[in-house]
Structure formats: C-alpha cells, structure tokens
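Take a look at the structure set out below.
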Amino acid sequence: RVIVFRGAGPSFSSGFDLGEPLGADHVARQKQMVRIAHKTRLKVWNQPKPTIAQIHGYCLGGAHDLALACDCAIAAEDAKLGVPEIQFGMGSPFLLMPWIVGLRKTKELLLTGKTISGAQAAAYGIVNYAVPLAGLADRVQELAEEFAQVPPPALILQKKGINRAVEMSGFSNAANASLEPRRNAAPAR
C-alpha cells in the first residue's frame with residue numbers, strides 16, 4: 001500500500017557517475033540519461049500509492065530529484081542532500097524544488113550547487129523529517145503505517161488532486177523544459 005525508496009549501500013544515491021570519460025557521444029548519452037531519469041521521476045510522481053524517500057548518506061543530483069518526486073521524504077540528520085549539477089555546467093532537469101521550498105531558497109541551492117544536511121533539508125521543507133540515523137527506518141515505517149490506515153480510493157484521489165494543483169500552477173511546463181532542445185546553451189564539458 002506504500003512504496004519506500006531507499007539506498008542499499010552507504011548512501012541513498014550519489015547521483016550520476018561524474019567520473020565517466022567524456023567521449024564524442026557524451027551529449028547524446030547525457031540527453032538519453034535525462035530522458036530516462038525524467039520518465040522515472042514522473043512515474044514516481046504519478047504513482048497512485050504513497051511514496052516515501054528514506055534518505056541516508058548522500059542524496060545528490062538525480063537522486064535528489066527522485067526524492068523530491070516522492071510524496072514524503074525522511075532523512076537522517078547527517079545525510080548530505082544537494083543538486084551540484086551547476087558546478088559541472090548543467091542544471092536540475094526536474095524543477096520541482098520551487099514548489100517545495102520557495103523561490104529564494106531554490107535559487108540559493110540550485111545556483112550554488114551546495115550540499116546541505118538532512119537537518120537543514122527538514123528546516124527548508126525538502127524533507128518532512130530529519131531523525132538520527134539509528135531511528136530512520138523506524139520513522140519511515142511509522143509514516144508508512146499512517147498512510148496504510150487511509151482507505152486507498154480516498155488516498156489516491158487526494159494525491160491526484162494535490163499533484164494536479166501543482167501541475168496546473170506550472171510544474172509540468174518546468175519539468176518538461178529539460179527535454180526541449182536548448183538554443184544558445186553552453187557546450188557540455
């Protein structure tokens with residue numbers, strides 16, 4: 001009745017491999033990865049069941065965007081969250097953050113690429129709660145059980161209504177903008 005996304009290793013996910021060598025097909029591969037990641041995030045966003053991101057360790061770049069696409073997120077207080085793409089000549093392709101944290105904080109985080117702690121992410125509204133790592137799984141389980149108590153048809157309708165309100169305010173256009181060809185864009189490094 002609830003889907004929980006969590007990392008199996010030392011982190012939720014550190015995002016794309018930035019150590020991959022750049023070849024002649026780099027731009028084409030980059031576009032393909034953005035399209036695949038975009039489709040995945042939209043599947044999470046549109047999933048009828050409630051989704052929870054359980055964040056520990058690093059949650060960077062595309063993984064951060066995946067966590068934003070979830071209905072709720074709970075992070076370890078010492079987790080490291082961020083979207084560092086700007087430091088590599090790119091930007092966030094899934095611009096949900098303005099609807100979650102507001103314009104000023106979004107600009108600060110996305111235009112600097114800074115990484116913040118789970119505790120800071122909770123203060124900004126990026127995650128619902130930040131808890132000690134030892135209690136992370138238990139807190140996620142508690143929230144999942146709360147969702148499981150709600151009749152599924154009501155939960156599905158309410159989630160769809162909330163998502164559609166955000167989409168009607170411009171999120172769909174912002175999210176899909178990354179798939180459009182860019183004119184006068186700086187070349188990839």
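The values are calculated or read from the model by the stated rules, or taken from the named source; none is laboratory data. None of the values given here were measured: they were computed from a predicted structure. Here the Cβ positions follow ideal geometry from the backbone for every residue, glycine too, while neighbour counts run over all protein chains shown. Heads up: the accessible areas ignore ligands, DNA and RNA and are worked out on the full protein's heavy atoms, side chains in. Shrake-Rupley method; radii C 1.70, N 1.55, O 1.52, S 1.80 Å.
For this structure, a couple of remarks:
- As a fraction of the 1.4 Å probe accessible area of region 1-126, surface on carbon and sulfur atoms comes out at 58 percent.
- Every Cα-Cα pair in region 75-122 was counted, and those over 16 Å apart are 38% of them.
- Size descriptor, Kirkwood hydrodynamic radius, that averages inverse alpha-carbon separations across the chain, Å: 17.2 Å
- Only Cα pairs under 8 Å and 6+ residues apart enter the sum, and on that basis the relative contact order of the chain stands at 24 percent.
- Förster radius 25 Å - calculated FRET efficiency between Asp138 and Ile36, Cβ distance, rounded to 0.05: 0.15
- Loop-located trypsin sites (Lys or Arg not before Pro) across region 100-142 with a Cβ neighbour count of 15 or fewer within 10 Å are Lys114, with loop assigned by DSSP.
- Residue-averaged [θ]222 nm for the chain, counting only DSSP H segments that reach four residues, each worth -39500 (n - 2.57): -13500 deg cm²/dmol
- Solvent exposure of the chain as accessible area per residue, Å², 1.4 Å probe: 57 Å²
- Our summary of shape: the Cα atoms of region 44-129 have principal axis extents of 35, 27, 21 Å, ordered from largest down, in whole angstrom.
- On Cα atoms only, tilt of 26-46 relative to the major axis of the chain in degrees: 20 degrees
- Residue-span extension gain [Ser169 to Ala154] - 0.36 nm each, minus C-alpha spacing: 3.1 nm
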